[in-house]
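The values are calculated or read from the model by the stated rules, or taken from the named source; none is laboratory data. Just so we're clear, the structure is a prediction, and the values are computed from it rather than from any experiment. Here the Cβ is made from the backbone with ideal geometry for all residues, glycine too, and neighbour counts use every protein chain on show. Side chains are part of the model used for accessible areas, which takes the heavy atoms of the whole protein and leaves out ligands, DNA and RNA. Shrake-Rupley method; radii C 1.70, N 1.55, O 1.52, S 1.80 Å.
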Amino acid sequence: MTRAVLDAATRLVVVGRAGVGVDNIDVPAATARGVYVVNAPLGNIVAAAEHTIALTLSLMRKVVDADRSVRAGEWTRSKFIGNELRAKVLGLVGIGRVGSEVARRAAAFGMTVVAHDPFATEASARTAGARLVDLDEVLRTADVISLHVPLTEKTRGLINEESLAKMKRTAVVVNASRGEVVDADALASALERGTIAGAALDVFAQEPLPADAAIRRAPRTVLTPHIAGSTTEAQTNVAVDVVEQILDVLDGKPARFAVNAPRPPAEEAGGMAWVRLAERLGSLAAQLLDDRPAQLELSYAGAVLGLDPEALRAAAVKGLLETFSEQRVNLVNALDLARSRGLVIAERREAEPPRYASLLSVKVGSTEVAGTLTQGEPRIVFIDDFWVDVPIEGHLLLTKHQDKPGLVGRVGTLLGEHDVNISSMQVGRLHPRGEALMILTLDDPVPDEVRARIGGFADINAVRTARLGVGD
């Protein structure tokens, strides 16, 4: 999925990768176009881990060479004396999902596991049964070096002439991650010279492997055609994971494993309800403004402080920008669009919110709106100094007025005459017969002429209409 393909696919919404690696997708180009890129990082981790162990055992016990020998009519057992995994050191380069599964299986063979991973913690490594060390120690001490890293500029060519020279002569290299992580020509040369004992590879920089590739002729190798994730169970798992995410995206929900979008909070912490609330708060704030905003300020108070704010931030910006932009805006590109338009995003954190145990606020210009979850459902509870209780979906009519008898009735009568049905009503006021805010949730939009007539009523200072979630 190149930039050219993405440029041509003007209706494209989501790209799904039935597996982990997305190096064949131009993720920055997709992000710029608001196209979700989703993968399935959990579906084939067991398959990949098991294949890594299978490659290691095949190499250490010379299974492939022994099989060929028997098929050729030989019976030369002495040629195939191998090595046990027990008491050997497994060096993992990367101890993420697959690396952790490999570590757990290696422990069952009695191996000692060391790992290098700049993103892992001591606690997560211990949970997998490994000890974190630097890369040089992995290269110098490991009997089996197994690679489980994504392809980045830092990992490209990670196993090269220099790193191979640091390994023990009895060490073997196993790679079931990305082909470009290994300089295959340098590896073939090391095998030819006998400076390392063997290599088992499932992935290659160029696939299919070219006929003239040096690694094909190298001794003490096991080569498989990128099949680490190819089990019946894994293929089913990754397919289901990707399809479920595609359906979620097409249904307007965030994907569980979007590569280029923030992950929503866990369901037990409110999950998608907080994301929907943040989006609607941003949208409402934008619709109550007269001018395009220059800054958006988010405030997290109380229990919401425990959530990762990235998804909430992106959702609030999405709601804000959708009001002013004809371009597709979603959780994928909202923050990038905000930066490109010079929108300043500020954030505040308060331990003790007023009235509610958890409160999320969005302030744009002089307009501030806030919301919370009530029994798991998102509600708007604050609009411009007034405490209210408003649903996050529907057509809204908001009036700022002087709190006097008869005004609510006049507005309701006028709406009824024009067949506009009221589903709920809230009135917030600072004090009796003072300034008040009325919010009507309607089943239908308010015609412009009706809005104008309401604005002409005595004691009404301002009228606004807004649409939340209608037609999403």
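Could you say which residue among ALA199, ALA213 is over 30 Å from VAL332 (Cβ atoms) and in contact with a Leu (Cβ under 8 Å, 6 or more places away or on another chain)?
Numbers: ALA213 fails: in contact with a Leu (Cβ under 8 Å, 6 or more places away or on another chain).
Matching residue, one of ALA199, ALA213: ALA199.
Is there any pair with a first residue in the stretch 231-260 that is buried (at least 18 other Cβ atoms within 10 Å of the Cβ) and a second that is among the polar types (S, T, N, Q) whose Cβ atoms are under 6 Å apart and which are 6 or more apart or on different chains, and what are they?
ALA234/ASN44; VAL238/ASN44; ALA255/GLN245; PHE257/ASN39; VAL259/ASN39; ASN260/THR31
Taking the stretch 71-106 as the search range and keeping residues that are more than 42 Å from the chain's Cα centre (by Cα) and part of a helix (DSSP H, G or I), which one is nearest to LEU139 (Cα to Cα)?
Among them, the one singled out is PHE80.
Just give me the residues in the stretch 425-440 being more than 14 Å from PHE382 (Cα to Cα) and surrounded by 13 or more Cβ atoms within 10 Å (Cβ to Cβ), in sequence order. Step through it out loud before you land on a result.
Quick first cut of the stretch 425-440, residues more than 14 Å from PHE382 (Cα to Cα) only: 425, 431-435, 440.
Selection gives MET425, GLU435, LEU440.
What is the number of the single condition among (1) buried (at least 24 other Cβ atoms within 10 Å of the Cβ); (2) at pLDDT 90 or above that LEU331 does not meet?
Failing condition for LEU331: (2).
Quick one: how many residues across the stretch 291-328 are under 20 Å from ARG11 (Cβ atoms) and either open to solvent by 30 Å² or more (accessible area, probe 1.4 Å) or in contact with a Gly (Cβ under 9 Å, 6 or more places away or on another chain) (or both)?
Step one: filter the stretch 291-328 for residues under 20 Å from ARG11 (Cβ atoms), giving 318, 322, 325-328.
Next, only the ones that are either open to solvent by 30 Å² or more (accessible area, probe 1.4 Å) or in contact with a Gly (Cβ under 9 Å, 6 or more places away or on another chain) (or both) stay: 318, 322, 326-328.
Total satisfying the criteria: 5.
Select from the stretch 107-125 the residues that are part of a helix (DSSP H, G or I) and more than 21 Å from ARG140 (Cα to Cα) and write down the one among them that is modelled with the highest pLDDT. Outline the logic, then answer.
Taking the stretch 107-125 first, the residues part of a helix (DSSP H, G or I) are 107-108, 122-125.
Imposing the further condition that a residue be more than 21 Å from ARG140 (Cα to Cα) reduces the set to 108, 123-124.
Numbers: ALA108: 97, ALA123: 91, SER124: 90.
Once the filter is applied, the top-ranked residue is ALA108.
What's the number of the condition THR155 fails, among (1) of a type outside the set (Gly, Ala, Ser); (2) in a loop (DSSP other than H, G, I, E, B); (3) in contact (Cβ under 8 Å) with a residue 40 or more places away in the chain; (4) open to solvent by less than 40 Å² (accessible area, probe 1.4 Å)?
Of (1) of a type outside the set (Gly, Ala, Ser); (2) in a loop (DSSP other than H, G, I, E, B); (3) in contact (Cβ under 8 Å) with a residue 40 or more places away in the chain; (4) open to solvent by less than 40 Å² (accessible area, probe 1.4 Å), only one is false for THR155: (3).
Hey, can you tell me all the residues within the stretch 384-439 that are in a strand (DSSP E or B) and farther than 22 Å from VAL470 by Cβ? Outline the logic, then answer.
Residues of the stretch 384-439 that are in a strand (DSSP E or B), as a first pass: 386-391, 394-402, 422-429, 435-439.
Passing the criteria: PHE386, TRP387, LYS400, HIS401, GLN402, VAL427, GLY428, ARG429, GLU435, ALA436.
Is one or more of the residues making up the stretch 371-383 in a loop (DSSP other than H, G, I, E, B), among the small types (Gly, Ala, Ser) and open to solvent by 40 Å² or more (accessible area, probe 1.4 Å)?
Within the stretch 371-383, the subset in a loop (DSSP other than H, G, I, E, B) is 375-376.
Keeping just the survivors that are among the small types (Gly, Ala, Ser) gives 376.
Narrowing the set further to residues that are open to solvent by 40 Å² or more (accessible area, probe 1.4 Å) leaves 376.
There is at least one residue in the stretch 371-383 that is in a loop (DSSP other than H, G, I, E, B), among the small types (Gly, Ala, Ser) and open to solvent by 40 Å² or more (accessible area, probe 1.4 Å).
When the residues of the stretch 276-290 are narrowed to those that are of a type in the set (D, E, K, R) and assigned to a helix (DSSP H, G or I), which ends up most open to solvent (accessible area, probe 1.4 Å)?
Here is the first cut: in the stretch 276-290, the ones of a type in the set (D, E, K, R) are 276, 279-280, 290.
Filter again for assigned to a helix (DSSP H, G or I), leaving 276, 279-280.
Numbers: ARG276: 81, GLU279: 33, ARG280: 21 Å².
Among them, the one singled out is ARG276.
Looking only at the stretch 160-196, which residues are within 18 Å of PRO150 (Cβ to Cβ), open to solvent by less than 20 Å² (accessible area, probe 1.4 Å) and part of a helix (DSSP H, G or I)?
Hits for the stretch 160-196 are SER163, GLY179, VAL181.
Condition (residue is in contact (Cβ under 8 Å) with a residue 60 or more places away in the chain, of a type outside the set (Gly, Ala, Ser) and open to solvent by less than 10 Å² (accessible area, probe 1.4 Å)) applied to the stretch 204-218: is it met by at least one residue? Outline the logic, then answer.
Pass one, the stretch 204-218, residues in contact (Cβ under 8 Å) with a residue 60 or more places away in the chain: none.
No - not one qualifying residue is present in the stretch 204-218.
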